[in-house]
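Below: the structure, in structure tokens.
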């Protein structure tokens, strides 16, 4: 196993890890431990180049600092990425080796489930480290965070609908959903049950067809999701999809989804604002997952009630952000970042 320090001035600690014997290569980025140990999931993707994976880890780690602060959790921000196809390259040996890397950080970073990972994978990682959450079994096991993540996104969509369309009910509204993985599927079920009409897409055409059958959804090609006419666009796949190319093609009144780092650049928030598209800041909308995981890290006994309370607080935070953005006539993203910076400054004082 090789673990080397990577220079990243805006982050507290970044390491590259490599174990050729098991095919392991990736990065752990710790952005901040100001509020507590850095917490954030590990994702496994077939990145085209190691630099792409590193940049993803850096962006996601910063996002976790903001997400954990927005949820008022005593946790900092971190993220791990493993380079590889989870359907082909993942093995118990690889996951255990990754667990050894996490253990070497001595509790500075807690890992959990993210894209390409399952609770069973967390168990393999957990055989090599105690700094893991999202386990399926154990005294404080939180399991798959996807259902709670979806609940938080659903709440954010309802709040956004109230601010943009003057109605909290989603009955009759059309929501376009990009990404039909664990979170996307749970979200589609909640939206369908609330009476929303769905337009969906995913690179997995079989999953798209399944969602169409289950929820009477219209399926479009992945590239077509940006230009379909809908009331709300819910990105639930990869980040960076709101950019100078996609924003001009959007035909929606609002964007509220679960993907991390939806904005390719911070100025893209202003581009949405100028087009009159209300943007629900992603690190508030998708905070349900880390709330679920936090019950395990913090050893919360009354888990269900605690999660319900935190989800309600996140919903109120989103409402406050959108209201303040309207009053100040600025992008909600700008307001959300300002609020988190204020929280971090108070923590440091």
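Bear in mind these aren't lab numbers, they're just calculated from the coordinates by the rules spelled out. Since this is a predicted model, take the numbers as computed values, not measurements. Cβ atoms come from the backbone with ideal geometry, glycine included; neighbour counts cover every protein chain shown.
The table that follows gives values for the structure above.
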item: Nearest 10 degrees, 0 to 90: helix 332-348 Cα axis against the chain principal axis; result: 40 degrees
item: Alpha-carbon centroids, segment 283-307 and segment 1-71: separation in whole Å; result: 21 Å
item: Cβ-based exposure ranking for 236, 188, 267, in which fewest neighbours within 10 Å come first; result: 267, 188, 236
item: R0 of 35 Å, Cβ-Cβ distance residue 328-residue 249: FRET efficiency to nearest 0.05; result: 0.80
item: Full-extension gain in nm, residue 274 to residue 104, via 0.36 nm per residue minus C-alpha separation; result: 56.5 nm
item: Which of 18, 90, 229 has the fewest Cβ neighbours within 10 Å, and the rest in rising order; result: 229, 18, 90
item: Approximate shape of the chain as ellipsoid semi-axes (Cα gyration tensor, √5λ), whole Å, largest first; result: 31, 23, 20
item: Value of D in µm² per second that Stokes-Einstein yields for segment 89-212, Kirkwood Rh from Cα pairs, at 25 °C (0.890 mPa s); result: 149 µm²/s
item: Net length gained if the chain between residue 216 and residue 6 were fully extended (0.36 nm per residue, minus Cα distance); result: 70.8 nm
item: Cα long-axis angle, helix 182-193 against the chain (0 to 90 degrees, to the nearest 10); result: 30 degrees
item: Residue 118 paired with residue 304, simple spin-label distance in nm, labels 7 Å along Cα-to-beta-carbon; result: 2.6 nm
item: Principal axis dimensions, largest first and in whole angstrom, of segment 245-349 by Cα; result: 47, 32, 22
item: Within the chain, percent of DSSP bridges classed antiparallel, to nearest 5; result: 40 percent
item: Rounded to whole Å, sorted largest first: equivalent-ellipsoid semi-axes of segment 1-116, Cα gyration tensor; result: 22, 14, 13
item: Rg/Rg_ref, segment 197-247, where Rg_ref = 2.2 N^0.38 Å and atoms are Cα; result: 1.14
item: Calculated FRET value between residue 342 and residue 87, using beta carbons and R₀ = 45 Å, to 0.05; result: 0.60
item: Approximate shape of segment 184-296 as ellipsoid semi-axes (Cα gyration tensor, √5λ), whole Å, largest first; result: 22, 19, 13
item: Burial ordering of 326, 67, fewest other beta-carbon atoms within 10 Å first; result: 326, 67
item: R0 of 35 Å, Cβ-Cβ distance residue 140-residue 227: FRET efficiency to nearest 0.05; result: 0.20
item: Crossing angle, helix 50-70 versus the chain [Cα axis fit, 0-90 degrees, rounded to tens]; result: 70 degrees
